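What follows is a single structure, written as structure tokens, with notes after it.
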Amino acid sequence: METIKSLALFCGSSEGADIRYQHAAREMGDLLHQHRVTMVYGGGNRGLMGIAAERLHAQGGRVIGVLPRILDRSDVRQKRVEEELIVVDTMHERKARMYEMSDGFVAMAGGVGTFEEILEVFTWLQLGLHTKAVALLNTAGFYDPLLTFLHHASKQGFIKGELLDALIVDDEPARLLDRIDRFSVHLGDKLS
């Protein structure tokens, strides 16, 4: 990858019900190492985020965790990756630090926190606050219901088609990263 040096990875603190989510997290760690891309993530040791971080770190890749003070506990903190752990006071500071340190954003399978993080950076793209890639790794069709809803909102006049076209969606991690690396958006006027 030539243009992307760091990616924020948003994903679950659980492993999920389908083993394919775990496989995707391992593959993402492998690909980030292969392309020398730094992973910026929430700093936890659990679930998909822990799997991806450990996989990348074990191969000598760079992983930066950003953890809010409220979660800076030994049962949450990534033990093997903590040499690049940034502890901040609030969840808002955590997201701001992650966003500023990242050249693009990827959401893998996850829960409410994952949705909130990726939708916030997608909103920021809409508002012209950044021009970075926003992407969904749609492993096992995980994001199909969200995509159906987003297209429904677009048909109802609440989301412009240009914004939906800017969202990168793929079910293959390697292809997703390639599309992120080639991403460019010319907003002209804001998409809001």
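The values are calculated or read from the model by the stated rules, or taken from the named source; none is laboratory data. Quantities reported herein were computed from a predicted structural model and do not represent experimental measurements. Backbone-built Cβ (ideal geometry, glycine too); neighbour counts: all protein chains shown.
Yes or no, residue by residue, for (1) without any contact (Cβ under 8 Å) to a residue 12 or more places away in the chain; (2) within 17 Å of residue 103 (Cβ to Cβ):
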{"site": "137", "(1), (2)": "no, yes"}
{"site": "143", "(1), (2)": "no, no"}
{"site": "146", "(1), (2)": "no, no"}
{"site": "156", "(1), (2)": "yes, no"}
{"site": "163", "(1), (2)": "no, no"}
{"site": "167", "(1), (2)": "no, yes"}
{"site": "176", "(1), (2)": "no, yes"}
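Looking at the stretch 70-114, which of its residues are of a type in the set (S, T, N, Q) and modelled with pLDDT under 90? Walk me through it before giving the result.
Our first condition is that a residue be of a type in the set (S, T, N, Q); within the stretch 70-114, this holds for 74, 78, 90, 102, 114.
Scanning the stretch 70-114 gives 74, 78.
Mind listing just one residue for me: the one in the stretch 126-177 that is part of a loop (DSSP other than H, G, I, E, B), surrounded by fewer than 18 Cβ atoms within 10 Å (Cβ to Cβ) and of a type in the set (A, V, I, L, M) and, of those, modelled with the highest pLDDT?
Here the residue is 167.
Confirm whether residue 118 is in contact with a Gly (Cβ under 6 Å, 6 or more places away or on another chain), in contact (Cβ under 8 Å) with a residue 12 or more places away in the chain, part of a helix (DSSP H, G or I) and within 27 Å of residue 23 (Cβ to Cβ).
On the way: in contact with a Gly (Cβ under 6 Å, 6 or more places away or on another chain): no; in contact (Cβ under 8 Å) with a residue 12 or more places away in the chain: yes; part of a helix (DSSP H, G or I): yes; within 27 Å of residue 23 (Cβ to Cβ): yes.
Considered against the rule, which asks whether it is in contact with a Gly (Cβ under 6 Å, 6 or more places away or on another chain), in contact (Cβ under 8 Å) with a residue 12 or more places away in the chain, part of a helix (DSSP H, G or I) and within 27 Å of residue 23 (Cβ to Cβ), residue 118 comes out as no.
Would it be correct to say that residue 123 is part of a helix (DSSP H, G or I), under 15 Å from the mean Cα position of the chain (by Cα) and at pLDDT 95 or above?
Values: part of a helix (DSSP H, G or I): yes; under 15 Å from the mean Cα position of the chain (by Cα): yes; at pLDDT 95 or above: yes.
It is true that residue 123 is part of a helix (DSSP H, G or I), under 15 Å from the mean Cα position of the chain (by Cα) and at pLDDT 95 or above.
Output the number of residues of the stretch 1-30 satisfying the condition of being buried (at least 21 other Cβ atoms within 10 Å of the Cβ) and either free of Cβ contacts under 8 Å to residues at least 24 places away in the same chain or not in a strand (DSSP E or B) (or both). Lay out the reasoning, then the answer.
Within the stretch 1-30, the subset buried (at least 21 other Cβ atoms within 10 Å of the Cβ) is 4, 7-12, 16, 21, 24-25, 28-29.
Remaining after also requiring either free of Cβ contacts under 8 Å to residues at least 24 places away in the same chain or not in a strand (DSSP E or B) (or both): 4, 11-12, 16, 21, 24-25, 28-29.
Final tally of qualifying residues: 9.
Please identify the pairs in which a residue from the stretch 40-63 that is free of Cβ contacts under 8 Å to residues at least 24 places away in the same chain has its Cβ atom under 6 Å from the Cβ atom of a residue that is of a type in the set (Lys, Arg) and outside any loop (DSSP other than H, G, I, E, B), counting only partners at least 6 apart or on another chain.
Taking only residues 6 or more apart or on different chains, not a single pair turns up.
Just wondering, is there one or more residues in the stretch 16-35 that are modelled with pLDDT under 95 and closer than 24 Å to residue 125 by Cβ?
No: zero hits.
Could you count how many residues in the stretch 31-67 are out of contact with any Ser or Thr (no Cβ under 7 Å at 6 or more places or on another chain), part of a loop (DSSP other than H, G, I, E, B) and closer than 20 Å to residue 176 by Cβ?
Total meeting the criteria: 5.
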